[in-house]
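So the structure is just underneath, and the comments pick up after that.
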C-alpha cells in the first residue's frame, strides 16, 4: 500500500507540473487556464487524501502492534 500511495503522489505532482505550464497568467480564468487550475486543485486534493490514507495505515499498524 505504501508504494502505491507514493506512486500516485508522484503522478499527481507530475500533473501539477504539467498544468502549471498550461497556465496563461494574463487570462487565468479563461479557456484552458481554468481547466489547468481545476486540475491543479484536484491534484492537490488527491495528494492530501493520499497522505491521510498513509497516515491512517501507519496508525492502524501501530495499534495492531505491527512494525
Do we find that residue 46 is touching a residue at least 12 places away in the same chain (Cβ under 8 Å) and in a helix (DSSP H, G or I) in this structure? yes
Boolean, residue 18 is modelled with pLDDT of 95 or more and either part of a helix (DSSP H, G or I) or within 13 Å of the chain's Cα centre (by Cα) (or both): yes
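The values are calculated or read from the model by the stated rules, or taken from the named source; none is laboratory data. No experiment lies behind these values; they were computed from the predicted model shown. Ideal geometry is used to build each Cβ from the backbone, glycine not excepted, and the neighbour counts take in all protein chains shown.
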